[in-house]
Every structure is written in structure tokens, then in C-alpha cells.
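This report refers to the structure that appears directly beneath it.
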Amino acid sequence: MRFDWRAISGPVLTAITALAAFLIDRLVVPVPNPAPLFVCIVALASSISGITSGLISAAIAVVASALFFLDHRALPGYGTADVARMLMLAATAAGTALITGMLRQKWIDAFAADQQHHATSERLAAALDQVDIGIVLLDADTRAEFINRAFREYFALSDAQADSKPPFVALMYHGRDTGAYELPEEELSAFIAERIAMMRSGDSTPINLNLADGQVLRFSCTALPDGGRMLSYTPVTDLVRHTDDPAKADEYRAQRAGRERHLARLMRAAE
């Protein structure tokens, strides 16, 4: 069985402090009321091990104070002022233990929730790295918070560039500089400006992007609740070939739309 030193550290420290104050007061020099020090120790105990440890420390502090005040009068016993001080110490120490313990528990719960959210985000990121749809998550300032593996491969984006959280504008110019788009050079500036405007406005109209290597990506922008954007680049090369059956065009569009809606729901759930 593992020994939990934190659970007894507060009570032990309170007892040691009380004993030291008692011995110094009796054998060396008179010492002032140690109640403020007891309250600090109670707060420390609750912050380290919780409410129970704090309340035990508070009880030890009250008993120690009772013994400390026993011989501090000309006549044996307690005066009204002594009783009032001990009652105030009991209320203050108990209140400190409860408040500090609740704050500690609240912090622990928040930390656990943050850890769980982080683990969920990591699992989601790992899952998105397995799909062939390029995914880019932008924050409210249009900086890329997440870029999955498929997008990096489509646009020859290195891990260092992707992990640096580049703005969407930088991603567009990276595609231009690497010759990713199947467009004449004189049309690239207008193309980039149009894509940036669509992203900023949250325009969800899907468009096809023809890449220089012959691939066709279906670009779609989804506005997120926090003001960010989810950009998806679905490979539709086979779906837009001229040899495809025109009678199945609606079916192909429905397939693409279904995949994009599913990803959008995943992103909203992650938020």
C-alpha cells in the first residue's frame, strides 16, 4: 500500500508547530498567539491534500490553542476573551480548510477536463491524418492551427512550415511559389485574392482546384462557431473526368457533399 505523505503533512506540521510554540513559551520566552500561523498551515494542508486534511489540521490547531491559553492567565481556566479567540480560530480555520479545499478540487477538475480535451484533440488529429481529404483549421485570425497530412502532401508543405501555424495567405502563396496550381501565371494573383476573400467571408460554395500534377481537389470553407474556418480539399479527380457518366453527376455531388458535412460535424463536436 502506497504511503500518502501529503495527507498527513498538514496535521503533522500543525502538531509540530503547536508543540514548538508550547515549549518555547514555557521554557524560553513568551510567544504571541500562534493562531495566524495555524490558519496558514490549514490552508497549506487543504491545498496539498484536500478538505479532510485541512479540517484535521484545524481541529489540532484549536486543541493546541486551548492548551496554549490554559496557563496564560493569573487564575487557572479560560476567560471570556480566551473562549472568543478560540471560537474565532475554529471558525476561521474550518472556513479556510473548506474554501481552500474546494478551490483545489475545482482546479483538479479543470485540469482533468483540459487533459481529456487535449487527449481527444490528439486522437482527432491522428484520425484526420489518415484520411485523403486535406484539412486545414484556421483560428479567428486566419492562422492555421492544424494542417493534416493529406494537405501537406498535396501542396508539398513541410512539417516545419505546417507546424509554424502559417496564415492562410501564406499557404496560398506557398502553393503559387511551388507551382501547385494548374493556372497561367498571370491569373494566379486574381485566383489567390478570390480564394482569400471567399475564406474571410465564410463562403461555403465549393469549387474545384486543378493542380499541376493532374489532381483535382474540391475546396470547401466552413465557418466555425469561434470565428475560425475549416477548409477541406476533397480529391475528386475521378469524379470530374470527362469519361464519367453525366447521368451520375448528382450522385457524385451528393457523395462529395456528404463527406464534407461529416467532417464539418466532427469539427463542431471537437469545439
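Quick notes on this one:
- Considering residues of the range 67-84 that are open to solvent by less than 100 Å² (accessible area, probe 1.4 Å) and in a helix (DSSP H, G or I) only, the residue modelled with the highest pLDDT: A84
- Exactly one residue out of E187, E145 is assigned to a strand (DSSP E or B) and loosely packed, with under 14 Cβ neighbours inside 10 Å: that is E145.
- Test for I56: is it within 10 Å of A97 (Cβ to Cβ) and open to solvent by 70 Å² or more (accessible area, probe 1.4 Å): yes
- Inspection of the range 16-35 identifies no residue that is open to solvent by less than 30 Å² (accessible area, probe 1.4 Å), in contact with a helix residue (DSSP H, G or I) (Cβ under 9 Å, 6 or more places away or on another chain), under 18 Å from G101 (Cα atoms) and part of a helix (DSSP H, G or I).
The values are calculated or read from the model by the stated rules, or taken from the named source; none is laboratory data. Remember, predicted model here, so these are calculated numbers, not experimental data. Methodologically, a virtual Cβ is constructed for each residue, glycine included, from the backbone with ideal geometry; neighbour enumeration extends over all protein chains shown. Heads up: the accessible areas ignore ligands, DNA and RNA and are worked out on the full protein's heavy atoms, side chains in. Shrake-Rupley method; radii C 1.70, N 1.55, O 1.52, S 1.80 Å.
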